[in-house]
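Novice: Quick one: this structure, given as structure tokens, is what I'll be asking you about.
None of the figures in this text is laboratory data; all of them are computed from the coordinates on show. Not measured: the values here are computed from a predicted model. Here the Cβ positions follow ideal geometry from the backbone for every residue, glycine too, while neighbour counts run over all protein chains shown.
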Amino acid sequence: MPLPNFYCSCMHNWCYFYIYSKFLRFFINIVLSAELHSLEQRKMVKICCIGAGYVGGPTMAVIALKCPSIEVAVVDISVPRITAWNSDQLPIYEPGLEDVVKECRGRNLFFSTDVEKHVREANIVFVSVNTPTKTRGLGAGKAADLTYWESAARMIADVSKSDKIVVEKSTVPVKTAEAIEKILTHNSKGINFQILSNPEFLAEGTAIEDLFKPDRVLIGGRETPGGQKAIQALKDVYAQWVPEDRILTTNLWSAELSKLAANAFLAQRISSVNAMSALCESTGANVSEVSYAVGKDSRIGPKFLNASVGFGGSCFQKDILNLVYICECNGLPEVAEYWKQVIKINDYQKIRFVNRVVASMFNTVSGKKVAILGFAFKKDTGDTRETPAIDVCKGLLGDKAKLSIYDPQVNEDQIQRDLAMNKFDWDHPLHLQPMSPSNVKQVSVVWDAYAATKDAHAVCILTEWDEFKNLDYQKIYDNMQKPAFIFDGRNVVNVEKLREIGFIVYAIGKPLDAWLKDMPAVA
Ligand SMILES: NC(=O)C1=CN([C@@H]2O[C@H](COP(=O)(O)OP(=O)(O)OC[C@H]3O[C@@H](n4cnc5c(N)ncnc54)[C@H](O)[C@@H]3O)[C@@H](O)[C@H]2O)C=CC1
Ligand SMILES: O=C(O)[C@H]1O[C@H](OP(=O)(O)OP(=O)(O)OC[C@H]2O[C@@H](n3ccc(=O)[nH]c3=O)[C@H](O)[C@@H]2O)[C@H](O)[C@@H](O)[C@@H]1O
């Protein structure tokens, strides 16, 4: 029996309706998922870090590694720095860094010179720019120069179109957050900025290790509901890999001051042991034995008690000078004087070392080749900022020595720049540093410890690179002028063995060689 017409048309319409509704649902799904995706994207935390240096680069790389759902952009005004971060030759040498960068770069870690774009898009903006010591004007030689910080803050205020958490990562004077707050709120166009202090405690050479397993992460913020919410947001980032009991939260000023205090305490330990090293040399005590015995006291602890030619690095001196200035400004001259002494002992230690070298070598190094082994401020880094090697080399050059320098990570251009630059000039963005000055003629830079020491009268060890422990010292001795001297500013060599070979050896804080005992006292 043929189906009635109306039945056919019903079926027909039903089919149409079915196909249509399927298509509609498919279409709606696409639109919805796109919408959801963009909503998620909008909700995705975006971090931007201003300053792609020794702190900004490694800290952000580790955040990107540990928080794959966060997009991290590291921006800088220095084009060569950003180019290097995007290349196979990273701008800084740090064990383990390359692996971390390679894993995240292009995934959720980006390096860019488009500072404004990334700041505008970020929810959290870290500021990790230079905070050098002022070289002129009020507080010159002590106060922190906040030029770069201030210009970063003004730019954040200018380009922002949404609320942001602004994080002080640079080391700054206590109360800087207040000044930054003022700059941001006076230029805010109704945008809400929350300032946090989150100082960095990593040490170079172990930066990745320190960031993976920090002793503590410190976050300071305002005690207002907004401030507490911002603290929680940053805490949530670190909590993805740092145990909660290691994330300390404080008020802003405590966090800012804790950073300066930590560096001052660390440097003070080195100056204390270095002061002892001078006394050891005068009395026949051995500084390694003394510091071991002292460090066994659990209240003192064994770390950071290695006597040396002096501490270096971009921060200890700068941060203590800054602390001294803050004490003076707060009417605390005695406290200022106390901390100043840490720097004075450090300078004394470097001068003392140079005097030892010159005094031992018949009171003159004029025209003599002196090999310098190690130029970086410590091992496992190519960083030379405030390295004691600069002052020692300048001291020897002042006495007309000819220097042959070898460091496994520092190139000739850097060494020449360092020896020609004025104090504090190094701590500015690259393009604002003085142009490559003329080379110091009495200095040659070689790529091998044996080349550096060939025909030399003396060897000065200024960085504790592991390879200096295992050099063929017999070969070195055979190729040197006699008497052959070794001045170990890092206590890396086996003094007894070298004396057996025939060297006259001076090692910081160790019982003096008979040769040195007969020389005039050094001060
Ligand atoms: N080096 C270290 O081990 C540590 C350093 N700190 C502190 O962190 C801060 C940064 O230190 P580093 O990373 O060593 O310095 P750095 O000199 O390696 O890096 C700072 C970077 O900021 C960039 N910069 C300056 N002004 C800028 C601006 N307005 N916009 C964009 N980029 C700008 C510079 O071009 C430079 O690349 C300092 O306050 C320092 O005291 C704290 C802990 C450890
Ligand atoms: O604010 C900073 O910049 C950083 O400064 C130091 O880190 P860093 O300078 O990278 O290296 P350190 O291991 O502290 O060494 C500093 C200097 O002291 C010297 N030193 C260190 C330890 C020691 O026992 N003796 C000694 O002479 C080192 O050779 C080096 O020249 C601090 O250790 C970090 O916590 C801090 O974050």
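Novice: Between the helical axis of 176-186 and the dominant principal axis of the chain, each derived from Cα atoms, what acute angle in degrees is found, rounded to the nearest 10?
Specialist: Tilt of helix 176-186: around 40 degrees.
Novice: Okay, next question. What is the distance in Å between the Cα centroid of the range 142-166 and that of the range 188-253?
Specialist: Rounded to whole Å, the Cα centres lie 18 Å apart.
Novice: List the residues, sorted by chain then number, that are 5 or more residues from ALA401 or on another chain and whose placed amide H is less than 5 Å from its amide H.
Specialist: GLY367
Novice: Same structure again: Would you mind listing how long the range 324-413 runs along its three principal axes, going by Cα atoms, in whole Å with the largest first?
Specialist: 49, 33, 18
Novice: Compute the normalised compactness of the range 265-514: alpha-carbon radius of gyration over 2.2 N^0.38 Å, N being the residue count. Let's see the in-between values first.
Specialist: Values: Rg = 18.3 Å, N = 250, 2.2 N^0.38 = 17.9 Å.
In units of the globular-protein estimate, the range 265-514 measures up at 1.02.
Novice: Calculate how steeply helix 388-398 sits against the longest principal axis of the alpha-carbon atoms of the chain, using the helix alpha-carbon long axis, and give the answer as 0 to 90 degrees to the nearest 10.
Specialist: 40 degrees
Novice: Let me ask something else about it. Cα centroids of the range 303-359 and the range 56-84: how far apart, whole angstrom?
Specialist: The range 303-359 and the range 56-84 have Cα centres spaced 33 Å from each other.
Novice: Sticking with this one: If I model the range 48-96 as equal point scatterers sitting on the Cα atoms and use the Debye formula, what is log10 I(q)/I(0) at q = 0.15, 0.19, 0.24, 0.32 Å⁻¹?
Specialist: -0.37, -0.59, -0.92, -1.31
Novice: If Rh is defined by the Kirkwood formula over all Cα pairs and Rg also comes from Cα, what ratio Rg/Rh do you get for the range 129-233? Can you show the working numbers first?
Specialist: Details: Rg = 15.2 Å, Rh = 15.2 Å.
My calculation of the ratio gives 1.00.
Novice: Further question on the same structure: Search the structure for amide H atoms under 5 Å from the amide H of CYS460, placed 1.01 Å from N in the peptide plane, and list their residues when 5 or more places away or on another chain.
Specialist: Residues meeting the amide H criterion: ALA371, ILE372, LEU373, PHE487.
Novice: Considering the dipole of the chain built from charges on the beta carbon (Lys and Arg +1, Asp and Glu -1) around the Cα centre, which of ALA207, ILE70, TYR292 is farthest to its positive end?
Specialist: The residue sitting farthest along the positive end of the dipole is ILE70.
Novice: From the P(r) of the chain, could you give the percentage of C-alpha pairs in the tail past 44 Å? Write down the numbers at each step before the final one.
Specialist: Values: 36901 of 136503 pairs.
It works out to 27 percent of all Cα pairs.
Novice: Expressed as an acute angle from 0 to 90° and rounded to the nearest 10, what is the orientation of the C-alpha long axis of helix 5-43 relative to the principal long axis of the chain?
Specialist: 20 degrees
Novice: Please list the non-local residues whose amide H lies under 5 Å from the amide H of VAL217, H modeled 1.01 Å from N, same-chain partners needing a gap of 5 or more.
Specialist: ILE247, LEU248
Novice: Which whole-number percent of Cα pairs in the range 44-241 have a distance greater than 28 Å?
Specialist: 22 percent
Novice: A further question follows. Dipole of the chain, Cα-centred, from +1 at each Lys and Arg C-beta and -1 at each Asp and Glu C-beta, to the nearest 20 debye?
Specialist: Values: 59 positive and 60 negative charges, 103 e Å.
Approximately 500 debye in magnitude.
Novice: Something else: Please report, in debye to the nearest 20, how large the charge dipole of the range 265-514 is about its Cα centre when each Lys and Arg carries +1 at its beta carbon and each Asp and Glu carries -1 there.
Specialist: Values: 29 positive and 30 negative charges, 86 e Å.
About 420 debye.
Novice: Rounded to the nearest angstrom and ordered from largest down, what semi-axes does the equivalent ellipsoid of the range 188-347 get from its C-alpha gyration tensor (root of 5λ)? Before the final figure, lay out the partial values.
Specialist: On the way: eigenvalues 250, 84, 30 Å².
Here the semi-axes work out to 35, 21, 12 Å.
Novice: How far is it, in nm, from the label point at ASP114 to the one at VAL294 when both lie 7 Å from their Cα along the line to the Cβ?
Specialist: It works out to 5.5 nm between the two label points.
Novice: Let me ask you something else. Counting each DSSP H run of 4 or more residues in the chain as -39500 (n - 2.57), what helix-only mean residue ellipticity at 222 nm follows after dividing by all residues, to the nearest 500 deg cm²/dmol? Intermediate results must be reported in sequence, preceding the final value.
Specialist: Values: 19 runs with 241 residues, N = 523.
Using -39500 (n - 2.57) per qualifying helix, the result is -14500 deg cm²/dmol.
Novice: With the dipole of the chain worked out from charges on the C-beta (+1 for Lys and Arg, -1 for Asp and Glu) around the Cα centre, which of HIS186, ILE372, VAL324 lies farthest toward the positive end?
Specialist: HIS186
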